[in-house]
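Enquirer: Questions regarding the structure given below will be posed in turn.
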Amino acid sequence: MRNITSIVKSIRDIMRKDAGLDGDAQRISQLVWMLFMKIFSDKENEWQKTIDDYISPIPSELKWENWVVKNKLSGDELILFINDKLFPTLKEIEGESKRFEIVRSVFEDTFNFMKNGNLFRQVVDEINTINFSGDKHTFNEIYETILKELQNAGSSGEFYTPRAVTQFIVDMIQPKLGETILDPACGTGGFLTCSIDYIVKKDITNDESAILNKAIRGVEKKSLPHLLCTTNLMLHGLDEPSVVRGNMLNKPYDSWKNDTLVDIVLSNPPFGGIEEEEVDKNFPKDFQTKETADLFLALIIKILKKKGRAGVVLPDGILFGNGVKTRIKEQLLETCNLHTIIRLPGGVFNPYTAIKTNILFFEKGKKTKDIWYYEMPLPEGIKSFNRSRPIEINHFDDIKTWWVNRKENEYAWKISMKEIQQRNFDLDIKNPSTQESTSTYSSKELIELIEESFSRSQKLIEELKASLL
């Protein structure tokens, strides 16, 4: 088999000739649903051998091996088949097993953009050369290629977290088999697949797969990352991934009862986002805000079990913000032990945002007494992380060493709850070993902060005008 990079490049070149595909985002979306069909076909070959009386959710004529391999549809006939048969059927598919639900959720808001049946045929022929049976590494190569292209398209900032960051958080949380693990804004599933890799050190067994199918959970409201996440989890051994398509903030805050709480939350909620009208009404009055990251933090605190653990990426704004932010932080410190805040260096999320970010680690059930801060320095010789010099897992080595034997040093310091209360729950505490600087933000960061502030102000003005009419 040719290497994955050359296959993906060939597919990209073919798709660029099709008049129906307008830009990288549509091309990537098109490629991902086609890959899903091939992967599902390869997985079904395994399930038919291992599951007694296996029932496929996909009707026979719509199976990949029939319309791609056996019947070799092409030209106008192929496009008519895709648009008039395959998509309408799979969008409405219903059945008893969870696999029916998975297929339907994948195709509900997915579209075929290609118009040229001959070019479409060339693409599926390329995809058909790939064998996904029992090999997550093959898809991992494609997955990483797609993520890089999404970065270049500038369309994935809200659902891409650097692999090194997800791996570090999972390593510190140390999930165990049987614990329920949730990412309420899971994007392409980085935290969830990292958790599987941490728990399962070798090829996944049937027993482990059955447990993880129920324990690993994600929610994602956008169709493309949801599809990538579902596919990625299937290739990591979960035959029936629990990835819900939707906005978790739409569920009323008070409807979360003991039997729906989870052991672990790992997440990088979208920051800088503003929620639609009425979403904040699902939350208690003290926590009502339009800001997405604030609502997710309030929700994460709520859905953790007693002794539940969380690792969450959040922007600086939550640390120093007041009003609703203060009330959410007060709730966090009163109901959880916020034991560690890792202050990440600049550029970790370039090119999406220059806003500075932090990782908050906390455990539900005990009040916070002290908070350890660790300001992660940039590696020697690097002025800022960026696309060509991304953050890597070895950059966290010093923090991992410090984590198990905590002492104050030039990067680490401890703050008492009394000091936090005196600061009115302002958690934006600078490293005492560093000279105070008047130019905390770069020009790019200042521009982003100002633009974000103007955007929020404009939305508030529009809401105020609407309420007066």
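The values are calculated or read from the model by the stated rules, or taken from the named source; none is laboratory data. Remember, it's a predicted structure, so these values are computed and weren't measured experimentally. In this analysis, Cβ positions are derived from the backbone assuming ideal geometry, glycine residues included, and neighbour counts consider all displayed protein chains.
Enquirer: Can you list the helices (runs of 4 or more DSSP H) found entirely within the range 1-104 that contain at least 3 residues being touching a Gly at 6+ places or on another chain (Cβ under 6 Å)?
Expert: 75-81
One line per residue, one yes/no per condition, for (1) buried (at least 17 other Cβ atoms within 10 Å of the Cβ); (2) within 18 Å of Met37 (Cβ to Cβ); (3) free of Cβ contacts under 8 Å to residues at least 12 places away in the same chain:
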position: Phe191; (1), (2), (3): yes, no, no
position: Cys194; (1), (2), (3): yes, no, no
position: Ile199; (1), (2), (3): yes, no, no
position: Asp207; (1), (2), (3): no, no, yes
position: Arg217; (1), (2), (3): yes, no, no
position: Glu220; (1), (2), (3): yes, no, no
position: Leu224; (1), (2), (3): yes, yes, no
position: Leu228; (1), (2), (3): yes, yes, no
position: His236; (1), (2), (3): yes, no, no
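Enquirer: All but one of (1) closer than 30 Å to Ile196 by Cβ; (2) in contact with a Lys or Arg (Cβ under 8 Å, 6 or more places away or on another chain); (3) β-branched (Val, Ile, Thr) hold for Val313, so report the exception by its number.
Expert: (2) is the only condition that Val313 fails.
Enquirer: Now for a different question. Looking at Lys70, Lys91, which one is within 31 Å of the chain's Cα centre (by Cα) and among the basic types (Lys, Arg)?
Expert: Lys91
Enquirer: Also, I was wondering about something else. Please state which one of Glu61, Glu65, Glu101, Glu126 is among the charged types (D, E, K, R), under 25 Å from the mean Cα position of the chain (by Cα), assigned by TED's automatic domain parsing to the domain that holds Ile11 and at pLDDT 90 or above.
Expert: Selected residue: Glu101, the only one of Glu61, Glu65, Glu101, Glu126 that is among the charged types (D, E, K, R), under 25 Å from the mean Cα position of the chain (by Cα), assigned by TED's automatic domain parsing to the domain that holds Ile11 and at pLDDT 90 or above.
Enquirer: Name every residue in the range 283-293 that is within 12 Å of Ile318 (Cα to Cα) and either touching an Asp or Glu at 6+ places or on another chain (Cβ under 8 Å) or at pLDDT 95 or above (or both), in order of residue number. Talk me through it step by step, then tell me what you get.
Expert: So the first thing to find is which residues in the range 283-293 are within 12 Å of Ile318 (Cα to Cα), and the list is 291-293.
The answer is Glu291, Thr292.
Enquirer: Name the single residue, out of those in the range 231-288 being touching a Phe, Trp or Tyr at 6+ places or on another chain (Cβ under 9 Å) and among the hydroxyl-bearing types (Ser, Thr, Tyr), that is nearest to Gln331 (Cα to Cα).
Expert: Selected residue: Tyr253.
Enquirer: OK, next. Restricting to the range 57-90, name every residue that is closer than 15 Å to Thr110 by Cβ, free of Cβ contacts under 8 Å to residues at least 24 places away in the same chain and crowded, with 16+ Cβ neighbours inside 10 Å.
Expert: none
Enquirer: In the range 365-396, what residues are within 24 Å of the chain's Cα centre (by Cα), surrounded by 11 or more Cβ atoms within 10 Å (Cβ to Cβ) and not hydroxyl-bearing (Ser, Thr, Tyr)? Outline the logic, then answer.
Expert: Restricting attention to the range 365-396, the residues satisfying the condition of being within 24 Å of the chain's Cα centre (by Cα) are 376, 384-396.
Still in the running and surrounded by 11 or more Cβ atoms within 10 Å (Cβ to Cβ): 376, 384-387, 389-393, 395-396.
Within the range 365-396, Met376, Phe385, Asn386, Arg387, Arg389, Pro390, Ile391, Glu392, Ile393, His395, Phe396 qualify.
Enquirer: I'd like to check something: does the range 429-438 contain any residue that is touching a helix residue (DSSP H, G or I) at 6+ places or on another chain (Cβ under 6 Å) and either modelled with pLDDT of 95 or more or among the aliphatic types (A, V, I, L, M) (or both)?
Expert: For the range 429-438, residues touching a helix residue (DSSP H, G or I) at 6+ places or on another chain (Cβ under 6 Å) and either modelled with pLDDT of 95 or more or among the aliphatic types (A, V, I, L, M) (or both): absent.
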